[in-house]
1. Here's a check for you: in the range 235-252, which residue that is aliphatic (A, V, I, L, M) and closer than 21 Å to residue 76 by Cα is farthest from ligand 2 (Cβ to nearest atom)?
2. If you scan the range 225-264, which residues turn out to be under 15 Å from residue 145 (Cβ atoms) and of a type in the set (Lys, Arg)?
3. For the range 254-277, name all the residues that are buried (at least 19 other Cβ atoms within 10 Å of the Cβ) and either part of a loop (DSSP other than H, G, I, E, B) or of a type in the set (Val, Ile, Thr) (or both).
4. Among the residues of the range 7-25, write down those that are charged (D, E, K, R) and over 14 Å from residue 92 (Cβ atoms).
5. Looking at the range 59-67, can you tell me whether even one residue there is surrounded by 21 or more Cβ atoms within 10 Å (Cβ to Cβ), within 30 Å of residue 201 (Cα to Cα) and within 16 Å of ligand 1 (Cβ to nearest atom)?
6. Identify, by number, the condition in (1) more than 14 Å from residue 49 (Cβ to Cβ); (2) within 16 Å of ligand 2 (Cβ to nearest atom); (3) of a type outside the set (Ser, Thr, Tyr) that residue 99 doesn't meet.
7. Please tell me if residue 89 is surrounded by 19 or more Cβ atoms within 10 Å (Cβ to Cβ) and of a type in the set (Ser, Thr, Tyr).
8. Go through the range 1-60 and report how many residues are among the hydroxyl-bearing types (Ser, Thr, Tyr) and part of a strand (DSSP E or B).
Amino acid sequence: MEQRPVLALESTIISHGMPYPENLEFARQAEQECYQHGAVPATIAILDGLVHVGLDGAMLEKLARGKGVEKVSTRDLGLVLSRRKSGATTVSATMRLANLAGIKVFATGGIGGVHRGVNETGDISLDLKELGETPVVVVSAGAKAILDLPRTLEYLETMGVPVLGYETDEFPAFYSRKSGLPLPWRVNSPHEVAAVYREQSNLRLHTGILVANPVPQKHEIPAEELNPVIEQALSECDGQGIHGKDVTPYLLSKIVDLTAGRSLKTNVQLALNNIRLGARIANEISSFQR
Ligand code: PSU
Ligand code: MN
C-alpha cells in the first residue's frame, strides 16, 4: 500500500455554494492544489444512492451543474441513500463519511454555525454538533460572516471543540481576516496541529479539531466594507421567507450578486488556502504514523 496522505473535500460548496461554471473550475483547482501539496484529494458526495470518497471528472461536472443534487447534512444521509438520490455533502456529512473512510483531515471554505436571529429561528448548523462528535481535523476560514460569530464560538466551547487560530490570535470571519473575537489557542505550523490531533486520539477524545485559517490578506474583503452587504442580504432573505437549509446558499449567492462577483473570488481563494494547509496537516499526521 502506498499510504499517501488523503485530504477530504466537501461537495456542498460546489453544488450549493458557488455558481456554475466557476464552481467546476474551483473543484478542479481544489484537487490540483491538494496534489501539489502532497495529499490525495477525496471529494465526498453521494451519487445515485452510493457514497463516493474521491470523484472523477464527470462526477465533479454533475455536482457542479447541480441538477437534482440535494444538499445533504448528516441527518439527510439515510434518506438520500435509501431513495437512491444524489447529494452534495455539507461539512457535517463530509466529516462523518471521511471518518468512516479513515480520513483524518478535511478542508472546506467556512463552517456553518449559529445564525443571527437564533433566538427567533433556532437556526444552528449541524456542522457544530458534528464537530463535537467526530474526530476529524477541519480546516476552515473561521465561520461564515453571515453568522452570529460570538455565539458560534460559545457553542463550539460547549461541545468541547478546540479552535486553533492558525497564525492568528483571533477568529477569522470568512471573507475577512478579523472578527475582533479572541481565540484561546494559536498554532503556527501544520506540525503543531498534528501534535494536538495525536494527543486527542491518544486520549480517545472524539471531538473534532477546528483549525481557523484566515483568508490571505490580498484576497480579503474588510469587514467594514462587507457588513452593509451582509445586512442587505439578511434582510432580503427574511423578506423572501427563506429558512432552513436554503438560508446559507441564498445568502452566499446574494452576496456574490451584491459584490458583483468579488465575494466569489474571495470564497475561492480562502478555500484553496485551506486546502493547501489541510494537505500539509495531512502529511504531518501521516508522518507521525510511519
Ligand atoms: N464553505 C463555503 N461555501 C459553502 C459551505 C462552506 O465556502 O457553501 C457549506 C458547507 O457545506 C457547510 C454549509 O456545511 O455551507 C453550511 O450550511 P448550513 O448553514 O445550512 O448548515
Ligand atoms: Mn441551518
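1. First, the residues of the range 235-252 that are aliphatic (A, V, I, L, M): 242, 247, 251-252.
Pick out the ones that are also closer than 21 Å to residue 76 by Cα and you get 242, 247.
Working: 242: 11, 247: 6 Å.
Filtering first and then ranking leaves 242.
2. 254, 262
3. 255, 256, 266, 268, 275
4. Kept after step one, since they are charged (D, E, K, R), are these residues of the range 7-25: 10, 22, 25.
Answer for the range 7-25, where residues must be charged (D, E, K, R) and over 14 Å from residue 92 (Cβ atoms): 22, 25.
5. No, the range 59-67 contains no residue that is surrounded by 21 or more Cβ atoms within 10 Å (Cβ to Cβ), within 30 Å of residue 201 (Cα to Cα) and within 16 Å of ligand 1 (Cβ to nearest atom).
6. (2)
7. Numbers: surrounded by 19 or more Cβ atoms within 10 Å (Cβ to Cβ): yes; of a type in the set (Ser, Thr, Tyr): yes.
Judged against the criteria, residue 89 is a match.
8. 1
Coordinate-derived values only; no laboratory data. None of these values were measured; they are calculated from a predicted model. Heads up, the Cβs are rebuilt from the backbone with ideal geometry, glycines too, and the neighbour counts pull from every protein chain shown.
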